Amino acid sequence: MLEVEGLSKIYGGLRAVDRASLRVAEGAIAGLIGPNGAGKTTLFAAITGFALPDEGRVRFAGVDITGRAPHRICAQGMVRTFQITQPFAQLSVRENIMVGAYLHTPDRDEAAARAEAVARQVGMAALLDRTAAGLTVAGRKRLELARALATRPKLLLLDEVMAGLNPSEIDEIIPVIRGIRDAGVTVFLIEHVMRAVMSLAENVHVLSYGKIIAEGAPRVLAADPVVIEAYLGHGAAQRLAGAAHA
Amino acid sequence: MSAWRVPVALLAVALAYPLVFRTNFAINFGVLVLFFAVIGQAWNIAGGFAGQLSFGHAVFFGTGAYCSTILHVKLGINPWLGLWASAAAGALVGAFIAALSFRFGLKGSYFALITLAFAEAFRILTNAVEFTGGGLGLLIPLKRSAANFQFPERIGFYYTILALAALSIAIALWLKRSRFGARLAAIRENEDAARALGIDTFREKVKIMALSGALCAAGGTFYAQYFLYIDPVVVFGADKSVEMLLVSMIGGTGTVYGPLIGAFLLTLVGEGTRALTNAQGLSLIIYGGLLIVIIAFLPNGLIDLFKLRWGRRRA
């Protein structure tokens, strides 16, 4: 579904994303993890056309989409959400979601019906007439999800939809994301909440200093010394192992 | 059905008004209200609905006024045809300025400044060249006949500007209910999110600036035909730009009826002080005072007064 080959994004002397390659299989829930500042959001931006990559290729559903404008990429079926939520603040939840739904229909009633269906899917049907500005953090995260879903994507890129949520809100949103995948949408998510990554993702890529340093099933990665060192510093894996033996 | 009650009632009142109040003063008053409502709405569909704040909408107004007047005076083309040519010219100038600004990512106050710069450049150019009449302006020869867009009776002008005002409100109503309007609102609220959701923000912004420019230019042609005289300062001056955004802001930006309400108040103050006293500049003092009061108590414009009443009735 998604193939990224040798993608780099360079800001001045900094290689924010450094020759990253990865694949996301159709129908999967794939994860992207890594320490703060590793370049996860930049990688998402370079994939979805918000940042022009300096090197490398992005192929989506067999088509080379490197450097295409975000709206064209969205029209092809790949849509992203924002880590820092970007609601249309003065519009109602319904109007927010309708903006996404309008991608495939010029008809107001059809877009409204689609918005209601999506709102039910993500569990915010009761909030449809609220103004987006008045939503809680959890509500805004769901709204990001709902708007993106309304565009009928094939691939959904979620940038930390669980950051800032409390444990019970996380428990509520995990089945929502699984339901989205079960409805036929491939999901690729950046996430810091490891509990969510463990329970959702089948395959995870680890990004550190802009490079993909590991890939595999989340349980395997959690024990991988390379990954542990990326998060906890050089020698941490050894010290942890030593502590376990003692 | 209930959505149509307000516009139909307003239209009925507007149609009957000159038949009830037949004095020249009353009809002139109506013409001015509707005229400001048209150009205020032209500003509002770009500035209010799409959030593209322009400080130089006079560039479209003047383009329209000069386009039809030059065609008429120099080439003998009927001003009714000139009206269409003006609208087309306004749309072109709007699309050009928008394409140029948005191609280079100008937003917010930078966009406002570039529109102001264009209006000033157009004012200076028309002042400088020969075929626009230079600083002396252009006088439209008096030849009263409806076919010549110079009605013998003021009421003809009234119904002409009423048609334009009705069109401008119809456009605003359509924007409130259409995909195009929803996309503009999305762009106004958050452009990055709009792009992520598949909106070609560049194209939509160019489209609304073209539409806004066309409507504003049509207002310019009407102005020229009503007053039969234009010069660079009057039609391209910053005063015109400010009037348009004041009308919209006092009434309520981004709303369908805000410009109409603002136009009514502005005309009331302007014509009222002129009729009651001959104190020069009194109306400006009152404008200033009103503006302060409105910004302090009704930051969303006078339309909030109406919304409050509806809200209370519903509750």
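Throughout, read-outs are computed from the coordinates displayed, never taken from laboratory work. Nothing here was measured: the structure is a model prediction, and the numbers come from that model. Because the Cβ atoms are built from the backbone with ideal geometry, glycine has one as well, and the counts that use them run over all protein chains shown.
Take each residue of peptide B:182-190, count the partner chain Cβ atoms within 10 Å of its Cβ, and average: the result is 6.
Counting only other chains, what is the mean number of Cβ atoms within 10 angstrom of the Cβ of each residue in peptide B:195-207?
6
Go ahead and set up a Gaussian network model of chain B, Cα springs under 10 Å, then flag whichever of B:Ser68, B:Ser241, B:Ser109 fluctuates most. Greatest mean-square fluctuation among the candidates belongs to B:Ser109. With a 10 Å cut-off around each Cβ of A:89-99, the average count of Cβ atoms from other chains is 4. Note on chain A: GNM, Cα springs under 10 Å; of A:Asp109, A:Asp224, A:Asp182, the largest mean-square fluctuation is that of A:Asp109. Among the listed pairs A:Lys40/A:Lys154; A:Lys40/B:Lys176; A:Lys9/B:Lys207; B:Lys240/B:Lys307; A:Lys211/B:Lys205, a Cα-Cα separation exceeding 31 Å is found for A:Lys40/B:Lys176; A:Lys9/B:Lys207; A:Lys211/B:Lys205. What shape does the stretch B:2-235 take by its C-alpha gyration tensor, where a ≥ b ≥ c are the square roots of the eigenvalues and a/c under 1.5 counts as rounded, a/b above b/c as prolate, and the rest as oblate? Oblate, since a/c reaches 1.5 and b/c is not below a/b. Computed per residue of chain A from DSSP H runs no shorter than four, each worth -39500 (n - 2.57), the mean residue ellipticity at 222 nm is -12000 deg cm²/dmol. Taking every DSSP beta bridge that has both ends in chain A, the antiparallel portion is near 55%.
Based on C-alpha pairs under 8 angstrom that are at least 6 apart in sequence, the stretch B:2-235 has a relative contact order of 39 percent. With bins 20 Å wide beginning at 0, the percent of Cα pairs of the protein assembly as shown falling in each bin runs 19, 42, 26, 11, 1, 0.
Separation of the stretch A:132-187 from the stretch B:16-49 is 48 Å, based on Cα centroids. The dipole here belongs to the protein assembly as shown: it is taken about the Cα centre, uses +1 on the Cβ of Lys and Arg and -1 on the Cβ of Asp and Glu, and is about 960 debye.
Each of the peptides B:232-239, A:51-58, A:74-81 was scored by the mean count of other Cβ atoms within 10 Å over its residues; in descending order, highest first, they stand as A:74-81, B:232-239, A:51-58.
What is the order of A:Tyr102, B:Tyr159, fewest Cβ neighbours within 10 Å to most?
B:Tyr159, A:Tyr102
Looking at the protein assembly as shown, send over the antiparallel percent of its DSSP beta bridges, to the nearest 5. Taking every DSSP beta bridge within the protein assembly as shown, about 60 percent pair in antiparallel fashion. Comparing mean-square fluctuations of B:Ala14, B:Ala98, B:Ala166 from a GNM of chain B with C-alpha springs under 10 Å, the top value falls on B:Ala14. Estimated purely from DSSP H runs of n ≥ 4, each contributing -39500 (n - 2.57), the mean residue ellipticity at 222 nm for chain B is -25000 deg cm²/dmol once divided by its residues. Name the lysines eligible as straight-distance cross-link partners of B:Lys143: C-alpha to C-alpha under 25 Å, and not fewer than 8 places from it in the same chain. Partners found: B:Lys74. Note on the stretch B:145-162 and the stretch B:50-71: Cα centroid distance 22 Å, given to the nearest whole angstrom. When the Cα positions of A:Leu91, A:Gln121, A:Phe60 are compared along the charge dipole of the stretch A:47-130, A:Phe60 comes out farthest toward the positive end, with charges on each C-beta of Lys, Arg, Asp and Glu.
Normalised by the residues of the stretch B:204-278, what does the relative contact order come to in percent, with Cα pairs under 8 Å and at least six apart?
Numbers: 33 pairs, mean separation 10.8, N = 75.
This gives 14 percent for the stretch B:204-278.
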